[in-house]
Amino acid sequence: MHTPMDISAAGLDLIKRWEGDPRTRSFSVRVYNDLAGLPTVGYGHKLTAAEIASGAFANGVGEATATRLLRADAATAVQAVNRLVTVALTQARFDALASFVYNVGAGNFQGSTALRMVNAQDWAAVPSAGLAARRSAEASLFQAA
């Protein structure tokens, strides 16, 4: 069993590069509708029914609040990596996997080739198990270990 880890600032920065307003691929101060038409703010934070009802982000968000929301939203991915990965990881590998899981979802990661390769410690094969540009950035961070 390995020691549970948390996503680092570098891991959050990697997710930030790919989340947010799809028109600008960046942080959004104001609430916008994502590609699925869901109200979203900051770095891709989907507003909850309670947040919508309360008007919590009617005046937008600052970068610090957006980062706090992203960290909270990424908690599910962090938990999934901690739960599903059975081998010790460097921080860079953990961050890359957390970004991957944040994007594809814990359920998809659970049955993925990438997870099988990680748990087999087939480090050279892990970066090729994914998608194009985002996967390339995750692969670079993964290989920095």
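Among the residues of the stretch 22-59, write down those that are out of contact with any Ser or Thr (no Cβ under 8 Å at 6 or more places or on another chain), hydroxyl-bearing (Ser, Thr, Tyr) and within 17 Å of Leu12 (Cβ to Cβ).
Residues of the stretch 22-59 out of contact with any Ser or Thr (no Cβ under 8 Å at 6 or more places or on another chain): 22-27, 29-30, 35-39, 44-45, 48-59.
Pick out the ones that are also hydroxyl-bearing (Ser, Thr, Tyr) and you get 24, 26, 48, 54.
Ser26, the sole residue that qualifies.
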Report the residue count in the stretch 24-42 for those that are in contact with a strand residue (DSSP E or B) (Cβ under 8 Å, 6 or more places away or on another chain) and among the charged types (D, E, K, R). 2
Cβ-Cβ below 7 Å, separation at least six or inter-chain, first residue in the stretch 4-20 and among the β-branched types (Val, Ile, Thr), second buried (at least 20 other Cβ atoms within 10 Å of the Cβ) and outside any loop (DSSP other than H, G, I, E, B): which pairs? Ile7/Ala74; Ile7/Val78; Ile7/Asp95; Ile7/Ala98; Ile15/Leu70; Ile15/Ala74; Ile15/Ser99; Ile15/Tyr102
Over the stretch 115-145, the set of residues loosely packed, with under 14 Cβ neighbours inside 10 Å and modelled with pLDDT under 80 is Ser128, Leu131, Ala132, Ala133, Ser136, Ser140, Ala145
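How about the stretch 1-114: which helices (runs of 4 or more DSSP H) wholly inside it have at least 2 residues that are surrounded by 15 or more Cβ atoms within 10 Å (Cβ to Cβ) and in contact with a Phe, Trp or Tyr (Cβ under 7 Å, 6 or more places away or on another chain)? Reasoning before the result, please.
Working: elements: 9-18, 49-54, 63-84, 91-104, 106-110.
Answer list for the stretch 1-114: 9-18, 63-84, 91-104.
The values are calculated or read from the model by the stated rules, or taken from the named source; none is laboratory data. These numbers come from a predicted model, not from an experiment. For neighbour counting, all protein chains shown are included, and Cβ atoms are generated from backbone atoms with ideal geometry for every residue, glycine included.
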